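Report on the following structure.
Quick note: the coordinates plus some simple rules give every number you see, no bench work behind them. Treat the numbers as computed from the prediction; the structure is a model and nothing was measured. Positions of Cβ are backbone-derived with ideal geometry, glycine not excepted, and every protein chain shown enters the neighbour counts.
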Amino acid sequence: MSAQTDKRICIITTGGTIDKVYFDASSEFEVGSPVIEQILEEAKAKISYRLLPLFRKDSLEINETDRLQIRKAIENCEEDLILITHGTDTMTETAKHCHGLGKTIVLTGSLSPARFRATDAIFNIGLALGALQSITPGVYITMNGQVFAADKVVKDQSLKQFVAL
């Protein structure tokens with residue numbers, strides 16, 4: 001199998017921990033600009049993609065209107081392979097809005113910001129891209145080294161990981 005896909009991937013960014021930055025002045029994290037292009041460049045990823053930044057929100061701030069906007073963006077994508085970077089707390093809620101579109105859709109995020117030295121973001125993005133290019137159409141979540149059917153997974157807050165239902 002070729003390491004390069006012939007199909008272009010649409011990467012939709014919505015914010016979440018993966019894009020968070022730390023501001024000393026306020027001693028808080030805020031969602032910054034998408035980091036996925038930098039990650040792909042550093043990894044020398046040989047994929048064709050289009051970046052579609054929708055918003056910069058913590059997933060707890062993503063509401064029904066935002067989820068409809070994500071669905072509409074997917075519907076309007078000419079690409080059939082869709083990667084969505086998203087905060088982990090409400091990722092499964094957003095995934096529910098992505099079913100029935102006849103495309104391969106993978107949501108991923110991270111438990112620590114991609115800008116941190118110790119982060120799961122890079123691993124999760126790599127897994128998501130590999131899964132996206134090898135699974136059948138449907139909606140999936142890739143976290144913790146696993147590919148889950150989006151309707152058969154939950155985030156276990158106490159374990160800080162995703163687990164199959």
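What value does region 114-165 have for Rg/Rh, both radii from Cα atoms and Rh as Kirkwood defines it? Display every interim value, and only then the final one.
Values: Rg = 11.7 Å, Rh = 11.8 Å.
That ratio is 0.99, to two decimals.
Could you list Tyr140, Tyr49 so that the one with the fewest beta carbons within 10 Å of its beta carbon is first and the one with the most is last?
Numbers: Tyr140 24, Tyr49 19.
Listed from fewest to most nearby Cβ atoms, that is Tyr49, Tyr140.
Mind checking which lysines have their C-alpha under 24 Å from Lys46, skipping anything on the same chain fewer than 8 residues away?
The qualifying lysines are Lys7, Lys103.
So which lysines pass the test for Lys96, namely a Cα distance under 16 Å, with those fewer than 8 places away in the same chain ruled out?
Filter leaves Lys72, Lys152, Lys155.
As a test of the definition: which semi-axes, in Å, follow for region 9-164 when you take the square root of five times each eigenvalue of its alpha carbon gyration tensor? Largest first, please.
Numbers: eigenvalues 94, 60, 52 Å².
Rounded to whole Å, the semi-axes are 22, 17, 16.
Provide the percentage of antiparallel DSSP beta bridges, counting only those with both residues in the chain; round to the nearest 5.
Numbers: 12 of 32 bridges.
Antiparallel: roughly 40 percent of the beta bridges in the chain.
Sort 146-159, 124-137 by packing, meaning the average of other beta carbons within 10 Å per residue, with the highest value first. Spell out each step's value before the answer.
On the way: 146-159: 14.3, 124-137: 17.9.
Descending packing order for the listed peptides: 124-137, 146-159.
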